[in-house]
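**Student:** Let me begin by handing over the structure; questions about it come next.
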Amino acid sequence: MKVLVIIPAYNERGSIEKTVTDIMQNAPELDYLVVNDCSKDDTKEICERNGYHLLNLPINLGIGGGVQSGYLYAKRNGYDYAVQFDGDGQHNASYLNQMVKTMEKKKLDMLIGSRFIENEGFQSSFMRRVGIRYFMRLIKLVTGKTITDPTSGMRMVNREVIGFFAENYPKDYPEPESVVTLLKMGKNVEEIPVIMNEREEGTSSISMRNSVYYMIKVSLAIVMAALGSGNKK
């Protein structure tokens, strides 16, 4: 199986080396690609100095555009699976091979690494957990499926979904919306328990200042995805 680890990175100078080293040590048989989303810090220079597999975007596309660029690369290079793996050091590469085996065994379209199945490791802040539970219930309402960690950025997809996401991927806060889209298309989406780390460097794209916008925007996106996904089958 050809597997690509897509690492979206924007201003991750403090954690990108740790992230790539984790993959190289714990999942050395998997390919990886750092997608540098026009970082303002020296993320690009660090990757180049270390000889990392690197895709430099000429303009800032945001998390959705950055990840979609990785999916487009995966499609064009014939990968069987692709997995999003955040560049901030929160994910653990020790789970990647287990995710591949689970994808193959259960014939899944998407497998999400969830920190809330066994509730181990870093559980995010209280307010974010409230928001995550809200999205979990909203997704359950519109799809009938319980996804315990709908905002998780650790998600693996198969070749068919790679092709779909290469052409159709949400641009802004894409994780909950993309899950709903696949569920409404009848795709097989499951979760696997993982332990995540607390961010040590950098800042999240979802600040307290824009959290209200985030909640409203993602809620509307989930509803629209639920209403419109039937046309994408």
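**Student:** In segment 122-155, which residues are hydroxyl-bearing (Ser, Thr, Tyr) and open to solvent by less than 50 Å² (accessible area, probe 1.4 Å)?
**Tutor:** Matches in segment 122-155: SER124, THR143, THR148, THR151, SER152.
**Student:** I've got another one for you. Return yes when GLU104 is open to solvent by 50 Å² or more (accessible area, probe 1.4 Å) and without any contact (Cβ under 8 Å) to a residue 60 or more places away in the chain and no when it is not.
**Tutor:** Considered against the rule, which asks whether it is open to solvent by 50 Å² or more (accessible area, probe 1.4 Å) and without any contact (Cβ under 8 Å) to a residue 60 or more places away in the chain, GLU104 comes out as no.
**Student:** I'm told GLY89 meets every condition in (1) under 17 Å from the mean Cα position of the chain (by Cα); (2) modelled with pLDDT of 95 or more except one. Can you identify the failing condition by its number?
**Tutor:** Checking GLY89 against (1) under 17 Å from the mean Cα position of the chain (by Cα); (2) modelled with pLDDT of 95 or more, the one that fails is (2).
**Student:** Quick one: which of ASN158, ASN197 is open to solvent by 10 Å² or more (accessible area, probe 1.4 Å), in contact with a Phe, Trp or Tyr (Cβ under 7 Å, 6 or more places away or on another chain) and modelled with pLDDT of 95 or more?
**Tutor:** When all the criteria are applied, what remains is ASN158.
**Student:** In addition: Quick one: which of GLY70, GLY66 is in contact with a Phe, Trp or Tyr (Cβ under 8 Å, 6 or more places away or on another chain), touching a residue at least 12 places away in the same chain (Cβ under 8 Å), closer than 22 Å to ARG159 by Cβ and in a helix (DSSP H, G or I)?
**Tutor:** Only one candidate qualifies: GLY66.
**Student:** Continuing with this model, one more query. If a residue has to be of a type in the set (Asp, Glu), farther than 24 Å from ASN188 by Cβ and not in a loop (DSSP other than H, G, I, E, B) to count, how many in segment 76-104 make the cut?
**Tutor:** So the answer is 0.
The values are calculated or read from the model by the stated rules, or taken from the named source; none is laboratory data. All values derive from a computational prediction rather than experimental measurement. Cβ: placed from backbone, ideal geometry, glycine included. Neighbour counts: every protein chain shown. For accessibility, only protein heavy atoms count, side chains too; no ligands or nucleic acids. Shrake-Rupley method; radii C 1.70, N 1.55, O 1.52, S 1.80 Å.
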